[in-house]
1. Are any of the residues in the range 226-241 on the phi > 0 side of the Ramachandran plot, in contact (Cβ under 8 Å) with a residue 24 or more places away in the chain and of a type outside the set (Ser, Thr, Tyr)?
2. Working only within the range 37-59, note down all residues that are farther than 23 Å from ARG209 by Cα and not in a loop (DSSP other than H, G, I, E, B).
3. As an exercise: evaluate ILE62 against (1) part of a helix (DSSP H, G or I); (2) modelled with pLDDT of 95 or more and give the number of the one condition it does not meet.
4. Look through LEU180, LEU171, LEU163 and report the one residue that is modelled with pLDDT under 95, crowded, with 18+ Cβ neighbours inside 10 Å and not in a helix (DSSP H, G or I).
5. For the range 132-160, give me the residue count where each residue is over 22 Å from LYS188 (Cα atoms) and outside any loop (DSSP other than H, G, I, E, B).
6. Can you pull out the residues in the range 113-129 that are at pLDDT 95 or above and not in a helix (DSSP H, G or I)?
7. Among what's in the range 43-97 and is among the basic types (Lys, Arg) and over 20 Å from ASN26 (Cβ atoms), pick the residue that is most open to solvent (accessible area, probe 1.4 Å).
8. Which one of the conditions (1) surrounded by 21 or more Cβ atoms within 10 Å (Cβ to Cβ); (2) farther than 30 Å from PHE63 by Cα does MET193 fail to meet, given that it meets all the rest?
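The values are calculated or read from the model by the stated rules, or taken from the named source; none is laboratory data. No experiment lies behind these values; they were computed from the predicted model shown. A quick note on method: Cβ atoms are made from the backbone with ideal geometry, for glycine too, and the neighbour counts reach across all protein chains shown. Just the protein is used for accessible areas: all its heavy atoms, side chains included, with ligands, DNA and RNA removed. Shrake-Rupley method; radii C 1.70, N 1.55, O 1.52, S 1.80 Å.
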Amino acid sequence: MNDPIIRIENVTKRFGSLEALKNVSNHIDRGEVVVIIGPSGSGKSTLLRALNGLETVTEGRIFIDGVDIVDAKTNMNKLRSEVGMVFQHFNLFRHKTALENIVLPQTVVLKRTRKEAEDVAQKLLDKVGIPEKANNYPSQLSGGQQQRVAIARSLAMHPKIMLFDEATSALDPEIVGGVLQLMKELAKEGMTMAVVTHEMGFAREAADRVIFMDEGQIIEESEPNDFFDNPKNKRTIDFLSQIL
């Protein structure tokens, strides 16, 4: 096994009396694409947010490229510049153009000059397929275009890891495919990715491994063809029978 870039060790997360994650352990290797699926409330998004330090775990440890992110001494701003996250709702600054949304975090966090940041931003708008939208505000963009800007904004930080939390679930069905194609291209380029999604076609095509969660625990995991064609756990079988 490669030295994992992500190690999750006995992680529990409680919200009051609710145990959202229950003693979860796993790993993600460099360049691996892991898709996490499961019913609503199963702990998928909580786990993903914990990997970016957006949720503080109650117990356990998470290591990102050898750094213990649960340690209070860890520089979380530096960590978040290395772990990009794309959300269901695009979280763009409404009063800034597409280009400015990508420029801002580079100048604030990475201390790039305005020109350096603009050069990177324009190249990434090319990469995500909307170079002509640089000067448009979010209100002038479709949902799919806004999500492409959000992905470009994360990529501008040159992250080691990309996390996608239901990145297509707020999009109209006819524009989901374009965003999924962009995510597939990132996977082919070797980006380490953890993806929470309901898009089973993406999971089968792009994932190296599929993880099924339920009630805060990892119930089953395997490579995609085996996972979808030969699930072992009854809970997995029941879940797949409802969505496939």
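1. Taking the range 226-241 and keeping what is on the phi > 0 side of the Ramachandran plot, we get none.
Scanning the range 226-241, I find no residue that is on the phi > 0 side of the Ramachandran plot, in contact (Cβ under 8 Å) with a residue 24 or more places away in the chain and of a type outside the set (Ser, Thr, Tyr), so the answer is no.
2. GLU59
3. (1)
4. Working: LEU180 fails: not in a helix (DSSP H, G or I); LEU163 fails: modelled with pLDDT under 95.
LEU171 is the lone residue from the list that is modelled with pLDDT under 95, crowded, with 18+ Cβ neighbours inside 10 Å and not in a helix (DSSP H, G or I).
5. Qualifying residue count, the range 132-160: 7.
6. Once the filter is applied, which keeps residues that are at pLDDT 95 or above and not in a helix (DSSP H, G or I), the range 113-129 yields only THR113.
7. Let us first name the residues in the range 43-97 that are among the basic types (Lys, Arg), namely 44, 49, 61, 73, 78, 80, 94, 96.
Next, from what is left, pick out any that are over 20 Å from ASN26 (Cβ atoms): 73, 78, 80, 94, 96.
Details: LYS73: 173, LYS78: 113, ARG80: 87, ARG94: 135, LYS96: 54 Å².
By that ranking, first place goes to LYS73.
8. The single condition MET193 does not satisfy is (2).
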